[in-house]
Amino acid sequence: MLPHPLSAPAKVYVDVTARCNLRCRYCYHFDSPAAVPDELSAGEWLLFIREMASCGVMNVNISGGEPLIRPDILKILDGFRNLGMRFDLVSNGSLLTAGHADFIASLSRCNFVQLSFDGPEEVHDAARGKGAFAGAVRAIRLLRSRNVPVRLRDTVGRHNLGQLMATAKIVFDELKLPALTTNCVSIENLCGKDPAGLELSIDDLFAAIEEHFTVAERYPNRLFGGTGPLGIFLRWRNLYRQKQENRRVGYSGCLAGCGASFKQMGVRADGVMVPCVQLPAIELGRINRTPLLDAWRSPEMEHLRNRRKISLAVFEQCRECPYREFCVGGCPAYSAFDAATPERRVCRFCLREAELFAGTGRLAAMFDAFDRSAALTAQA
């Protein structure tokens with residue numbers, strides 16, 4: 001975590017639309033405040049892109065909804081051409097055309113296009129809709145043939161548990177992509193429609209971690225994802241080692257699990273600025289009316305940054321935890337936001353919970369095995 005916020009956000013996450021052509025089983029978007037009915041014109045987005053450039057923003061993440069559902073998306077992306085900023089584009093890929101790919105390549109400003117890829121065709125389509133897999137594969141080939149970097153994201157949940165190796169074989173052996181990233185349905189903790197059918201249980205999570213180990217051993221240094229099962233395991237491992245060594249880091253023992261508000265922020269499709277796209281209900285003002293830097297320095301952003309001053313001892317669930325003095329809690333979007341919400345869980349899948357489920361000996365053996373494996377430590 002940075003000692004103080006940057007003078008302006010280094011990166012801004014922008015939802016240019018709340019609309020989407022798919023209805024993925026686990027998607028939380030349409031059940032959240034981000035599902036706004038209104039969206040801005042291309043002209044308004046272009047004006048804001050110029051403001052971001054003038055403030056020193058370096059990167060913009062363009063997402064939605066599905067950004068390619070907008071017929072004017074290329075006009076919006078063209079705003080990056082001569083401003084010195086770069087962008088990422090997040091899409092399901094099903095609407096991407098050769099024209100989109102040609103234009104993105106011509107800009108030379110795209111860091112990568114991130115595409116959703118949840119498994120083999122029958123698994124992917126069962127979660128996202130018939131034809132979604134074919135659309136994603138077509139998009140991958142269109143972009144790669146034009147040398148546009150592609151990043152695949154596999155959202156791991158109960159819908160595709162046990163499919164990671166099959167997914168990796170398609171990604172690495174058939175599509176010849178260099179890397180695959182994962183996250184968890186449970187990380188967002190907003191999929192209230194069917195949590196029992198969608199979110200990973202602690203038992204599922206251990207199965208997913210073992211599966212990640214197997215894939216990482218076969219494909220060294222190609223499987224990533226700080227919010228996926230492997231990322232959760234690495235946080236456990238680091239916390240366990242810190243306690244072993246009596247080593248405190250930064251704001252250990254406080255609610256400092258997320259430092260995003262020190263370097264980035266978000267914007268909803270209706271132009272309302274928010275601290276993070278995972279916190280769409282906290283409104284900081286509207287773009288082109290409220291200056292970006294005023295929103296960045298707002299009391300709401302300061303309140304979020306000041307979470308790191310709140311001791312974990314405030315929370316009953318943490319008081320007797322042997323890792324409390326070394327832990328930093330979890331993400332404010334799905335766990336305790338501040339001391340006023342002591343009833344909310346401080347983090348999902350905490351190390352103590354994992355120990356109670358699996359036993360200290362099993363976890364310690366997993367950490368030691370991880371540290372002995374060159375293929376696995378490359379992931380750290």
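The values are calculated or read from the model by the stated rules, or taken from the named source; none is laboratory data. Keep in mind it's a predicted model, so treat the numbers as computed, not measured. When we count neighbours, we look across all protein chains shown, and the Cβ atoms used for this are built from the backbone with ideal geometry, even at glycine. Surface accessibility is based on the protein's heavy atoms, side chains included, excluding ligands, DNA and RNA. Shrake-Rupley method; radii C 1.70, N 1.55, O 1.52, S 1.80 Å.
Could you tell me the calculated FRET efficiency between ALA365 and ILE202, based on Cβ-Cβ distance and R0 = 22 angstrom, to the nearest 0.05? According to the calculation, E is roughly 0.80. DSSP beta bridges confined to segment 125-281 are antiparallel in about 25 percent of cases.
Percent of C-alpha pairs per 5 Å bin in segment 51-197, short distances first: 2, 9, 18, 21, 18, 14, 10, 6, 2, 0.
Report the calculated FRET efficiency for HIS4 and ASN221 (r = Cβ-Cβ distance, R0 = 30 Å), to the nearest 0.05. In this case the efficiency is close to 0.35. Most mobile of PHE262, PHE103, PHE213 per a Gaussian network model of the chain (Cα springs, under 10 Å)? Among PHE262, PHE103, PHE213, the largest GNM mean-square fluctuation belongs to PHE103.
Other residues whose C-beta falls under 13 angstrom from the C-beta of LEU177 contribute a net charge of +4, scoring Lys and Arg +1 and Asp and Glu -1. With the simple spin-label model, which puts each label point 7 Å out from Cα in the Cβ direction, the ARG81 to ALA340 separation comes to 4.7 nm. The modelled label-to-label distance for the pair LYS309/ARG144, using points 7 Å beyond Cα in the direction of Cβ, is 5.0 nm.
Helical content of the chain, expressed as a calculated mean residue ellipticity at 222 nm, amounts to -10000 deg cm²/dmol (DSSP H runs of 4 or more residues, -39,500 (n - 2.57) each, divided by residue number, nearest 500). Residue-wise HN-Hα couplings along segment 220-229, as the Karplus relation 6.51 cos²θ - 1.76 cosθ + 1.60 with θ = phi - 60° gives them from phi, are x, 6, 10, 10, 9, x, x, 9, x, x Hz; Gly and Pro carry x. In straight-distance terms, cross-link reach from LYS169 covers every one of the lysines whose alpha-carbon lies under 22 Å from its own, apart from those fewer than eight places away in the same chain; here that gives LYS130.
Counting only protein heavy atoms and using a 1.4 Å probe, what share of the accessible area of segment 28-96 belongs to carbon plus sulfur, as a whole percent?
Solvent-exposed carbon and sulfur of segment 28-96 make up 54 percent of the total.
Only residues of segment 359-380 count here: report those whose backbone N is under 16 Å from the spot 7 Å along Cα→Cβ of ALA179, or say none. 376-380, by backbone N distance to the label point. Across segment 311-365, C-alpha contacts under 8 Å between residues 6 or more apart give a mean separation that, scaled by the residue count, equals a relative contact order of 29 percent. Candidates THR97, ALA132, SER116 compared by Cα position along the dipole of segment 90-150: farthest toward the positive end lies THR97, with charges placed on Cβ. Counted over the chain with a bin width of 20 Å, the fraction of Cα pairs per bin, in whole percents, is 27, 59, 14. The charge dipole of the chain, taken about its Cα centre with unit charges on the Cβ atoms of Lys, Arg (+1), Asp and Glu (-1) only, comes to about 880 debye. Using Cα springs under 10 Å in a Gaussian network model of the chain, which residue among ILE62, ILE232, ILE73 shows the largest mean-square fluctuation? Result: ILE73 has the largest fluctuation of those listed.
Report the one residue of ASN246, MET273, GLY226 whose Cα lies farthest in the direction of the positive end of the charge dipole of segment 223-338 (charges on C-beta: Lys and Arg +1, Asp and Glu -1; origin at the Cα centre). Of the candidates, ASN246 comes out farthest on the positive side. Across the options MET52, PRO3, LEU40, the greatest Cα extent toward the positive end of the charge dipole of segment 1-86 (unit charges at beta carbon of Lys, Arg, Asp, Glu) belongs to PRO3. Of all the options ALA136, ALA369, ALA256, the one that moves most in a Gaussian network model of the chain with Cα springs shorter than 10 angstrom is ALA369. For the pair LEU293 and SER41 in one chain, pulling the backbone fully straight at 0.36 nm per residue adds 88.5 nm over the alpha carbon distance.
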